1. Just a yes or no: is a residue in the range 217-227 in a helix (DSSP H, G or I) and modelled with pLDDT under 95?
2. Taking the stated definitions as given, is residue 238 touching a residue at least 40 places away in the same chain (Cβ under 8 Å), over 15 Å from residue 61 (Cα atoms), touching a helix residue (DSSP H, G or I) at 6+ places or on another chain (Cβ under 6 Å) and not in a strand (DSSP E or B)?
3. Consider the range 250-271. How many of its residues are in a strand (DSSP E or B), surrounded by 14 or more Cβ atoms within 10 Å (Cβ to Cβ) and out of contact with any helix residue (DSSP H, G or I) (no Cβ under 7 Å at 6 or more places or on another chain)?
4. Looking at the range 210-236, which of its residues are closer than 22 Å to residue 282 by Cβ and in contact with a strand residue (DSSP E or B) (Cβ under 6 Å, 6 or more places away or on another chain)?
5. Suppose we filter the range 203-225 for residues that are over 25 Å from residue 135 (Cα atoms) and out of contact with any helix residue (DSSP H, G or I) (no Cβ under 7 Å at 6 or more places or on another chain); how many remain?
6. Suppose we filter 195, 158 for residues that are outside the structural domain of residue 137 (by TED's automatic domain parsing) and either within 20 Å of residue 264 (Cβ to Cβ) or under 17 Å from the mean Cα position of the chain (by Cα) (or both); which single one remains?
7. Pick from 173, 169, 253: which is modelled with pLDDT under 90 and touching a strand residue (DSSP E or B) at 6+ places or on another chain (Cβ under 8 Å)?
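The values are calculated or read from the model by the stated rules, or taken from the named source; none is laboratory data. Values in this document were obtained by computation on a predicted structure and should not be read as measured data. Every residue, glycine as well, gets a Cβ built from its backbone with ideal geometry; the counts of neighbours run over all protein chains shown.
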């Protein structure tokens with residue numbers, strides 16, 4: 001061991017005599033150390049950024065699911081209140097459709113006055129049924145079980161709650177509460193979050209000609225947006241992503257650029273069929289701290305790394 005240190009000491013003395021070689025070795029070792037440090041630093045920064053972005057994206061999805069769950073719970077409470085109105089239920093049981101419709105209109109007016117202005121109530125009679133209803137309503141009639149979820153109907157895309165009304169063990173009617181999905185945008189705006197719904201092309205035919213013609217435009221691949229209802233600057237950035245960029249966002253769960261952070265969630269309808277994509281977003285220079293901090297941290301590390309490399313090159317030459 002002693003002879004090795006002696007050899008190393010003599011070797012260093014000889015190198016110092018050859019100043020050009022000594023300087024070159026020191027420079028190579030220094031540059032290698034700096035580049036290694038920069039690599040480790042940028043790798044750590046990149047990993048931290050991905051973890052933070054993943055957490056934010058996951059929180060968006062959890063928040064959305066919680067909102068939908070609360071919506072279902074609020075609809076359930078409204079139905080319970082309606083079912084407690086004995087006169088209303090008796091009118092349904094006696095198939096007095098005119099009185100039922102009159103009461104339905106009264107309820108809809110009350111909804112508007114009590115903060116449920118976008119919620120709409122409808123009644124489907126089943127006693128002496130004449131009209132054929134859509135599949136979801138027919139399913140409730142068959143199973144006598146409530147259904148809640150998203151439906152693409154002729155007049156739009158809705159969160160729908162269907163409740164069977166049973167009197168003395170007999171199904172006497174179906175109550176429907178629905179609220180347009182696009183109205184979620186207003187709730188998210190209060191939290192400085194952008195909400196966007198993109199509809200699959202194959203679902204456009206479920207909408208009436210009046211509802212869809214001239215209102216929807218293609219965004220990426222088979223996804224379409226109801227153009228006037230959403231932030232044009234936000235979905236234009238998704239158009240810029242292109243097919244490959246969208247595919248990457250769906251695989252990773254998020255995407256980020258100089259303007260927006262975006263998280264995505266595939267949406268299924270009341271029958272379990274995927275009908276579109278919800279994209280949540282926020283500006284990277286906005287008030288939401290984590291996205292802003294991570295974005296700035298990444299830019300700072302990149303700037304410092306470039307600065308050090310340029311300084312080394314200038315020093316050498």
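1. Checked against the condition, which is being in a helix (DSSP H, G or I) and modelled with pLDDT under 95, the range 217-227 yields at least one hit.
2. no
3. 1
4. 219, 223, 225, 226, 227, 230, 231, 234, 235
5. Looking only at that region, the number is 2.
6. Within the list 195, 158, the selection yields 195.
7. Of the residues listed, the single one that is modelled with pLDDT under 90 and touching a strand residue (DSSP E or B) at 6+ places or on another chain (Cβ under 8 Å) is 253.
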